[in-house]
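Here's the structure, in structure tokens; my notes come after.
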């Protein structure tokens, strides 16, 4: 299993957390998502076929792009 932690500055509230978690869990291979509006960090545990790039792509599509 791979893990990635991303800084997502657009997270402001629990609604944001719910949206991010719901959308990322739909990505095949994603097994766990934890988002924190205070730190603005998103932790994702995944296996293939999910990749860090696919996780970032989903975040960008739902208007919560990860900061580089």
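Overview of values
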read-out	value
Scan of the stretch 1-25 for residues that are more than 9 Å from the chain's Cα centre (by Cα), surrounded by 14 or more Cβ atoms within 10 Å (Cβ to Cβ) and part of a loop (DSSP other than H, G, I, E, B), ordered by number	10, 11
Residue list for the stretch 46-62, filter: surrounded by fewer than 16 Cβ atoms within 10 Å (Cβ to Cβ) and in contact with a strand residue (DSSP E or B) (Cβ under 6 Å, 6 or more places away or on another chain)	52
Residue within the stretch 27-39 that is in contact with a helix residue (DSSP H, G or I) (Cβ under 9 Å, 6 or more places away or on another chain) and part of a helix (DSSP H, G or I) present	no
Unmet requirement for residue 65, which otherwise passes all of (1) in a loop (DSSP other than H, G, I, E, B); (2) loosely packed, with under 12 Cβ neighbours inside 10 Å; (3) out of contact with any strand residue (DSSP E or B) (no Cβ under 8 Å at 6 or more places or on another chain)	(2)
Residue in the stretch 26-45 that is surrounded by 15 or more Cβ atoms within 10 Å (Cβ to Cβ) and touching a residue at least 40 places away in the same chain (Cβ under 8 Å) present	yes
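None of the figures in this text is laboratory data; all of them are computed from the coordinates on show. Fair warning: this is a prediction, and the values are worked out from it, not measured in the lab. In this analysis, Cβ positions are derived from the backbone assuming ideal geometry, glycine residues included, and neighbour counts consider all displayed protein chains.
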